[in-house]
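A.B. asks: Below you will find the structure I want to go over with you.
The values are calculated or read from the model by the stated rules, or taken from the named source; none is laboratory data. All values reported here derive from a predicted model rather than from experimental measurement. For neighbour counting, all protein chains shown are included, and Cβ atoms are generated from backbone atoms with ideal geometry for every residue, glycine included.
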Amino acid sequence: MTMRYISTRDASSKPSKKTFTEILLGGLAPDGGLYLPESYPRLSPDELNRWRSLSYADLAFELLSKFIDDIPAEDLRALTRKTYTSAVYCNGRDPDRAAEITPVRWLEPGLGLLELSNGPTLAFKDMAMQLLGHLFEYALAKRGETLNILGATSGDTGPAAEYAMRGKRGIRVFMLSPYGRMSAFQRAQMYSLQDNNIFNIAVRGMFDDAQDIVKAVSNDCAFKSRHRIGAVNSINWARVAAQVIYYVKAYLAATRSSDEQIAFAVPSGNFGNICAGHVARMMGLPIGQLILATNENDVLDEFFRTGIYRPRGTSETFTTSSPSMDISKASNFERFVFDLAGRDPAVICRLWAEINRGGSFDLSGTPYFARLPRFAFASGRSLHADRLSTIRHVYEKYGLMIDTHTADGFKVALERRTPEMPVLTLETALPAKFEETVVEAIGKLPERPRAMRGIERLPQRVEVLDADVQAVKCFIERHAVD
Ligand SMILES: *Cc1c(COP(=O)(O)O)cnc(C)c1O
């Protein structure tokens, strides 16, 4: 069976079809859409049962083989075995369970956490980014090409990208961060890396200024192609595919037979993580419910309740204590709406033309919205006070510290779960990453994994620049890989 990818916005009579490695290094499709498989590969109950005894790496190989048909099997297997090792995912609370990569922790029967934050930067983004690092290095070497990755971070994506790309041949990373606006721990995570293919640029400005510079550089087509500028943002299909793996792994860990259903609660921002859950369900994984949790920035909760998708302006976007969910629009959401709208690219073009004009759309009263229940979503939101009380509740009742994002997920999981169906909340970061709010909630500092203790005292490498496109371009010009 061949696997080809199409764009959500390609409404031409003969849509262009691409292979996995063709879309791997690109970001958006040329028409501005997002890539998706032409049709979702299927998972059968028999196949799921056969996979029950596989290691994470071998399960990853089996699953990715359904999405990738242009990397030889032995190479893909080597890549997954190199990526998912207990030495990389050893930062969890129980180092003896590191071999499980994403262990399930039951708090009580039917209520658990899926640990996704045991990787090098203590956030779930490592799960996909680590694979991306190996896939990029492999694909570039095959083609004899190089890549300069440019990105902007407010805290979690930057470290995950840098730890995934450090030391990789043919790749340099230029990561912009807002000068003086990240925690000492987040700064240390990135700036203490001494690898000479990693360049940290602290921009005198806010995250949005950094993001605008990335957009300006990427829109300069001549500069972009001269320096082979690439991205690792969450719309990259390979990141979504890599995230499908842990939904399957968790399902197999939580069930004994492949006719049982379970639910997942997902702290959401750009809709990347929960999009992978949606894809897993479309493939046939028996997911009975996908519970989407937002914080004060509730664009997505609003859509699932009302059918109205109304991205916010920057002035309407709040800075919260679960900052990785502080988004104004959810870039991966287009993939879900494509499926909801019967995979009609003309509909997506029309809806997103409105969004790109700064508008919104309303699907209530359309047949699409009437179909929404079939997709098994539920949603809710969680505010600062909810985070504090949830962190306290989980600590007092189960003796476990959770981070602010996971707390948002857990709060909404308790609210929206259906009785009788086990629910796993995705642990998207370890509490050590967001100490301040954990201390506010329970008056205690979370434990830090050994590898991270005292990193604030390590020497740091960072270039401080004005929030100026030209200054950043000059810096890239001087340091880009040829
Ligand atoms: C990125 C991130 C999220 C949001 O994930 P999306 O895939 O953007 O929905 C949630 N929690 C943490 C800790 C994150 O780093």
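A.B. asks: Which ones in the range 208-238 are within 16 Å of the ligand (Cβ to nearest atom), outside any helix (DSSP H, G or I), closer than 16 Å to Pro30 by Cβ and touching a strand residue (DSSP E or B) at 6+ places or on another chain (Cβ under 7 Å)?
C.D. replies: Ala231
A.B. asks: Could we say that Gly307 is more than 14 Å from the ligand (Cβ to nearest atom), among the small types (Gly, Ala, Ser), under 24 Å from Arg357 (Cβ atoms) and surrounded by 17 or more Cβ atoms within 10 Å (Cβ to Cβ) here?
C.D. replies: Judged against the criteria, Gly307 is a match.
A.B. asks: Here's another thing I want to ask about it. Residues that are acidic (Asp, Glu) and part of a strand (DSSP E or B): does the range 294-308 have at least one?
C.D. replies: There is no residue in the range 294-308 that is acidic (Asp, Glu) and part of a strand (DSSP E or B).
A.B. asks: Something else: Filter the range 437-451 down to residues that are within 16 Å of the ligand (Cβ to nearest atom) and in contact (Cβ under 8 Å) with a residue 60 or more places away in the chain and give me whichever is farthest from Ala263 (Cα to Cα).
C.D. replies: This residue is Pro449.
A.B. asks: Ok, one more. For the range 124-142, give me each residue that is of a type in the set (Phe, Trp, Tyr) and out of contact with any Asp or Glu (no Cβ under 8 Å at 6 or more places or on another chain).
C.D. replies: Matches in the range 124-142: Phe136 only.
A.B. asks: Just one of (1) touching a Lys or Arg at 6+ places or on another chain (Cβ under 7 Å); (2) under 19 Å from Asn273 (Cβ atoms) trips up Asn148, so point out which.
C.D. replies: If we test Asn148 against (1) touching a Lys or Arg at 6+ places or on another chain (Cβ under 7 Å); (2) under 19 Å from Asn273 (Cβ atoms), just (2) comes out false.
A.B. asks: I've got another one for you. Which residues, taken from the range 11-48, are exposed (fewer than 15 other Cβ atoms within 10 Å of the Cβ), out of contact with any Asp or Glu (no Cβ under 9 Å at 6 or more places or on another chain) and assigned to a helix (DSSP H, G or I)?
C.D. replies: Listed by number, the list holds a single entry, Asp46.
A.B. asks: What are the pairs with Cβ atoms under 8 angstrom where one residue, in the range 326-346, is within 19 Å of Pro15 (Cβ to Cβ) and hydroxyl-bearing (Ser, Thr, Tyr) and the other, located anywhere, is within 12 Å of the ligand (Cβ to nearest atom) and at pLDDT below 95? Sequence gap at least six, or different chains.
C.D. replies: Pairs found: none.
A.B. asks: Among the residues of the range 133-164, write down those that are in a helix (DSSP H, G or I) and not aliphatic (A, V, I, L, M).
C.D. replies: Correct list: Gly133, His134, Phe136, Glu137, Tyr138, Lys142, Arg143, Thr157, Gly158, Pro159, Glu162, Tyr163.
A.B. asks: Quick one: would you say Ser86 is within 24 Å of the chain's Cα centre (by Cα), free of Cβ contacts under 8 Å to residues at least 60 places away in the same chain, over 20 Å from Tyr163 (Cβ atoms) and buried (at least 16 other Cβ atoms within 10 Å of the Cβ)?
C.D. replies: no
A.B. asks: Which of the residues belonging to the range 404-436 are without any contact (Cβ under 8 Å) to a residue 60 or more places away in the chain and within 16 Å of the ligand (Cβ to nearest atom)?
C.D. replies: Once the filter is applied, which keeps residues that are without any contact (Cβ under 8 Å) to a residue 60 or more places away in the chain and within 16 Å of the ligand (Cβ to nearest atom), the range 404-436 yields only Pro431.
A.B. asks: Only one of these is at pLDDT below 95 and within 16 Å of the ligand (Cβ to nearest atom): Gly151, Gly180. Name it.
C.D. replies: Sole residue among the options that is at pLDDT below 95 and within 16 Å of the ligand (Cβ to nearest atom): Gly151.
A.B. asks: Can you name every residue in the range 239-279 that is assigned to a helix (DSSP H, G or I) and more than 14 Å from the ligand (Cβ to nearest atom)?
C.D. replies: Residues satisfying the conditions are Ile245, Val248, Lys249, Ala250, Tyr251, Leu252, Ala253, Ala254.
A.B. asks: Of the residues in the range 108-132, how many are outside any helix (DSSP H, G or I) and within 12 Å of the ligand (Cβ to nearest atom)?
C.D. replies: Number satisfying all stated conditions: 7.
A.B. asks: Among the residues of the range 310-355, how many are within 16 Å of the ligand (Cβ to nearest atom) and not acidic (Asp, Glu)?
C.D. replies: Here the count works out to 21.
A.B. asks: If you don't mind, another one. Being closer than 18 Å to Ser268 by Cβ and of a type in the set (Gly, Ala, Ser) is true for just one of Ala385, Ala370, Ala378, Ala432. Which residue is that?
C.D. replies: Ala378
A.B. asks: Among the candidates Ala265, Ala280, Ala216, which residue alone is in contact with a helix residue (DSSP H, G or I) (Cβ under 6 Å, 6 or more places away or on another chain) and within 18 Å of Leu340 (Cβ to Cβ)?
C.D. replies: Ala280
A.B. asks: Name the residues in the range 360-391 that are without any contact (Cβ under 8 Å) to a residue 40 or more places away in the chain and among the aromatic types (Phe, Trp, Tyr), would you?
C.D. replies: Of everything in the range 360-391, just one residue is without any contact (Cβ under 8 Å) to a residue 40 or more places away in the chain and among the aromatic types (Phe, Trp, Tyr), namely Tyr368.
Results for (1) farther than 24 Å from His278 by Cα; (2) touching a helix residue (DSSP H, G or I) at 6+ places or on another chain (Cβ under 6 Å); (3) not polar (S, T, N, Q), shown as yes or no for each residue.
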residue: Gly170; (1), (2), (3): yes, yes, yes
residue: Tyr179; (1), (2), (3): yes, no, yes
residue: Met190; (1), (2), (3): yes, yes, yes
residue: Asn200; (1), (2), (3): yes, yes, no
residue: Ala222; (1), (2), (3): yes, no, yes
residue: Ala241; (1), (2), (3): no, no, yes
residue: Ala250; (1), (2), (3): no, no, yes
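A.B. asks: Further, regarding this structure: Regarding the range 222-236, can at least one residue be identified that is free of Cβ contacts under 8 Å to residues at least 40 places away in the same chain, surrounded by fewer than 21 Cβ atoms within 10 Å (Cβ to Cβ) and closer than 24 Å to Ile6 by Cα?
C.D. replies: Taking every residue of the range 222-236 in turn, at least one turns out to be free of Cβ contacts under 8 Å to residues at least 40 places away in the same chain, surrounded by fewer than 21 Cβ atoms within 10 Å (Cβ to Cβ) and closer than 24 Å to Ile6 by Cα.
A.B. asks: Scanning for something within 16 Å of the ligand (Cβ to nearest atom) and closer than 28 Å to Ala152 by Cα, does the range 457-476 turn up at least one residue?
C.D. replies: No, the range 457-476 contains no residue that is within 16 Å of the ligand (Cβ to nearest atom) and closer than 28 Å to Ala152 by Cα.
A.B. asks: How many residues does the range 161-199 contain that are surrounded by fewer than 17 Cβ atoms within 10 Å (Cβ to Cβ) and either aliphatic (A, V, I, L, M) or closer than 17 Å to Gln211 by Cα (or both)?
C.D. replies: The qualifying residues number 2.
A.B. asks: Looking only at the range 98-140, count every residue that is out of contact with any helix residue (DSSP H, G or I) (no Cβ under 9 Å at 6 or more places or on another chain) and surrounded by 18 or more Cβ atoms within 10 Å (Cβ to Cβ) and tell me the total.
C.D. replies: 1
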